[in-house]
Amino acid sequence: MRILTGLQPSGKLHVGNYFGAMDPAVRLQDQGEAFYFIADYHAMTSSHDAAALRENVRELAIDFLACGLDPAKAVFFRQSAVPEVNELAWILSTICPMSLLAKCHSYKDKTSQGIAPNHALFAYPVLMAADILLYDSNKVPVGKDQKQHLEVTRDLAIKLNDTYGDGTAVIPEPIIREETAIIIGLDGRKMSKSYHNTLPLFGEEKTLRKLIMKITTDSTPVEDSKPVENSIILALYRLFASEADYATMVADHMNGGIGYGDLKKRLADAYWDFFAPMRERRLAISQDPSYVEKILADGAERARAEANKVLQRVRRAVGLA
Ligand code: ADP
Ligand code: TRP
């Protein structure tokens, strides 16, 4: 079974990304042949800062490795290291009805946020389909927001087979993370970089602790019982603490006598301890720049070998070879 997913290099990772995307990907690498890539071509649909792209790709590679991606198990590469994906995207474009893309909500969402409506942003789902079909992927774990793109991918795979013969493309199955656990941000809304309410995974201790101290709370006096429903402190603490510690934290809210400042400090300690092993790995990895480059180069070589096999099959099927 081949499992494939891509992550966009779009800035600092936060706790929502960790529990929603990285941790599930790390767990899945034991269940099949994992292909994980950094979607740098996709990032270019909404930003044109060359230095930032280079930096974000490198940071994401380090972060993903620090979070447990094991290059001995997963093929880890940058999307653009396999430029063959563009040829498959072109082939898919030729069979992709305009109407299929016109109904995609991510284009509408992004342009309504002020991102320039360029052609690549519109054609984004075709490149994503090419990412998936180029590696004969069977399973594609993605967040709910990518569900429609997986439907487009399946439509294009079926159409390719109908047009050029069965077996031209492997039809992938999505694994949609329904976000039963939507991680909430420091203001109680869904944690998202667009809301500026994130708790980053990595960063300077003082800054991160300060962020936690800024969590929105009500004005319950120290001695009074504090509400446990909709408590941002408790929702975040649950992610990092053992069940016993969580139960104590709930009791301390209900019993009163402990102020929000102290409860937040306890949250900050738990958060800091939870990510300690990853922080250590991150430090070690970033001290050896050639390590990350080597992993991405090895991954690209393995990915490219597979991509070329599939592309040759498709080229023959469509009459280019
Ligand atoms: P952001 O909302 O900060 O822009 P992205 O859309 O770049 O985050 O997130 C990449 C992936 O991380 C998403 O597909 C989703 O699976 C996961 N993710 C992001 N935020 C959360 C959250 N608050 N809770 C759970 N998962 C999340
Ligand atoms: N569009 C995805 C996102 O923003 C990233 C991505 C690009 C991807 N190509 C992919 C995910 C292929 C899964 C498979 O999250």
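The values are calculated or read from the model by the stated rules, or taken from the named source; none is laboratory data. Predicted, not measured: the structure shown is a model, and the values here were computed from it. Counting neighbours? That spans all protein chains shown, and the Cβs are built from the backbone with ideal geometry, glycine included. Note: areas computed on protein heavy atoms with side chains; ligands, DNA, RNA excluded. Shrake-Rupley method; radii C 1.70, N 1.55, O 1.52, S 1.80 Å.
Observations on the model:
- Scope the range 46-84; condition under 29 Å from Glu280 (Cβ atoms), assigned to a helix (DSSP H, G or I) and touching a Phe, Trp or Tyr at 6+ places or on another chain (Cβ under 6 Å); matching residues: Gln79
- Close Cβ contacts (under 8 Å, 6 or more residues apart or on different chains) running from residues in the range 194-216 that are under 21 Å from Ser10 (Cα atoms) and touching a residue at least 60 places away in the same chain (Cβ under 8 Å) to residues that are part of a loop (DSSP other than H, G, I, E, B) and of a type in the set (Ser, Thr, Tyr) comprise Thr198/Ser192.
- With respect to (1) touching a Ser or Thr at 6+ places or on another chain (Cβ under 7 Å); (2) free of Cβ contacts under 8 Å to residues at least 24 places away in the same chain, the lone exception for Leu4 is condition (2).
- A search for C-beta distances below 9 Å between a residue of the range 60-77 that is assigned by TED's automatic domain parsing to the domain that holds Tyr36 and basic (Lys, Arg) and any residue that is part of a strand (DSSP E or B) and open to solvent by less than 10 Å² (accessible area, probe 1.4 Å), counting only pairs 6+ apart in sequence or on different chains, returns Lys73/Ala34.
- Residue that is farthest from the chain's Cα centre (by Cα) [pool: residues in the range 10-45 that are near ligand 2 (Cβ under 10 Å from one of its atoms) and not in a helix (DSSP H, G or I)]: Thr45
- Residue count for the range 185-229, restricted to those that are hydroxyl-bearing (Ser, Thr, Tyr) and either under 19 Å from the mean Cα position of the chain (by Cα) or open to solvent by 90 Å² or more (accessible area, probe 1.4 Å) (or both): 5
- Test: residue in the range 171-180 that is away from ligand 1 (no atom under 15 Å from the Cβ) and crowded, with 19+ Cβ neighbours inside 10 Å: yes
- In summary, Ala39 fulfils each of the numbered conditions (1) open to solvent by 10 Å² or more (accessible area, probe 1.4 Å); (2) within 14 Å of ligand 1 (Cβ to nearest atom); (3) farther than 14 Å from Gly68 by Cα with the single exception of condition (1).
- Sole residue being among the basic types (Lys, Arg) and open to solvent by 60 Å² or more (accessible area, probe 1.4 Å), chosen from Arg78, Arg2: Arg78
The rows are residues; the columns are (1) within 14 Å of ligand 2 (Cβ to nearest atom); (2) surrounded by 19 or more Cβ atoms within 10 Å (Cβ to Cβ); (3) of a type in the set (Gly, Ala, Ser).
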site	(1), (2), (3)
Ser106	yes, no, yes
His119	no, no, no
Val126	yes, yes, no
Ala129	yes, yes, yes
Leu133	yes, yes, no
Asp136	yes, no, no
Lys139	yes, no, no
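- 1 or more residues small (Gly, Ala, Ser) and without any contact (Cβ under 8 Å) to a residue 24 or more places away in the chain: qualifying helices (runs of 4 or more DSSP H) within the range 87-159: 98-102, 105-112
- Leading residue by the ranking (farthest from ligand 1 (Cβ to nearest atom)) among those in the range 134-170 that are β-branched (Val, Ile, Thr) and in contact with an Asp or Glu (Cβ under 8 Å, 6 or more places away or on another chain): Val170
- Unique match (being open to solvent by 30 Å² or more (accessible area, probe 1.4 Å), without any contact (Cβ under 8 Å) to a residue 24 or more places away in the chain, over 24 Å from Ala181 (Cβ atoms) and among the small types (Gly, Ala, Ser)) among Ala247, Ala251, Ala284: Ala284
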